[in-house]
Amino acid sequence: PHEHVLSELNRIIIDELTPRAKLPAEGALATQFGVSRLTVREALKVLAGQDLIELRAGSRATVKAPSSITLARQLGVFIRRDPRTLIELSELRMGLEVQVAGLAAQRATRGALTSLESALVKMRRAADDFVTGVGDQEAYHEGDLEFHEALAAASGNRMLALVLTSLEDSMRESFVHSFRGQFANGSTLADRLALHERVAELVAAGDARGATAAMTTLLAVSERDILASLKPGIPNAAAFDHTTDTGDQPS
């Protein structure tokens, strides 16, 4: 009976109800399925654990909007167990974000472009603060994350945006490694910022082919730097003289 109830509730939630809609009361569901209220209650707990519904004491279960939480948790476990999976994450991002850049160039609204520029402003400010020693890398990573999320939103594809949101914590971890590795490779924050600015420039110009090429370059450089950071003996980014521009540009 439990599996039948679970299957039927899944069908109702997905096929018949919309986000924020209320499910029938436990008693009504028990009568509908011909089972005890306890069986219904246990099934609802399973669905809440799957992040499909929200349970509150004294209130009927509420359907939740699609969430990336479950996938995000699983990806986080992979990376904590083996940091080398960051390279697999980089390959995944290459498949997703190159397409996102192309779609954004075709579909970005004025508001989406404003959000993209706002993220770049945050990155520039954080980079300046880091170079002058008044800020840390966390602010830069937050701006970087906002940039990629704004780009995903600009694509107009909700599924792509949802998947990339699920990668948020994993991407933040990859940013830490990439940040460290870029200094080991002789690059600067100015180099990395220029790559992001180029993507945004081509998206704003509506150049889909150019935007996909620029994003491919950005992600390839990031993967190169992650690989460098995973090598034994690479120190933290703060140990590098990042105030000096070496003149080396990422390739």
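The values are calculated or read from the model by the stated rules, or taken from the named source; none is laboratory data. These numbers were taken from a predicted model, which means no experiment stands behind them. As a convention, Cβ positions derive from the backbone with ideal geometry for all residues, glycine included, and neighbour counts pool all protein chains shown. The protein model used for the area step is the full one, side chains on, heavy atoms only, and it has no ligands, DNA or RNA in it. Shrake-Rupley method; radii C 1.70, N 1.55, O 1.52, S 1.80 Å.
One table, with the values for the structure above:
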| item | result |
| --- | --- |
| Subset of region 21-50 [touching a Lys or Arg at 6+ places or on another chain (Cβ under 6 Å), part of a helix (DSSP H, G or I) and either open to solvent by 30 Å² or more (accessible area, probe 1.4 Å) or in contact (Cβ under 8 Å) with a residue 12 or more places away in the chain (or both)] | GLU26 |
| Verdict on ALA65 being out of contact with any strand residue (DSSP E or B) (no Cβ under 9 Å at 6 or more places or on another chain) and modelled with pLDDT of 90 or more | no |
| Matching residues, region 78-108, being open to solvent by less than 40 Å² (accessible area, probe 1.4 Å) and farther than 17 Å from GLU146 by Cα | ILE79, THR85, LEU86, ILE87, LEU89, SER90, GLY102, LEU103, ALA105 |
| Elements of type helices (runs of 4 or more DSSP H) contained in region 109-193, each with 2 or more residues being open to solvent by 10 Å² or more (accessible area, probe 1.4 Å) and of a type in the set (S, T, N, Q) | 110-131 |
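Results for (1) over 30 Å from PHE175 (Cβ atoms); (2) at pLDDT 90 or above; (3) more than 22 Å from the chain's Cα centre (by Cα), shown as yes or no for each residue.
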site: ILE12; (1), (2), (3): yes, yes, yes
site: ASP15; (1), (2), (3): yes, no, yes
site: THR18; (1), (2), (3): yes, no, yes
site: VAL35; (1), (2), (3): yes, yes, yes
site: VAL40; (1), (2), (3): yes, yes, yes
site: GLN74; (1), (2), (3): no, no, no
site: ARG84; (1), (2), (3): no, no, no
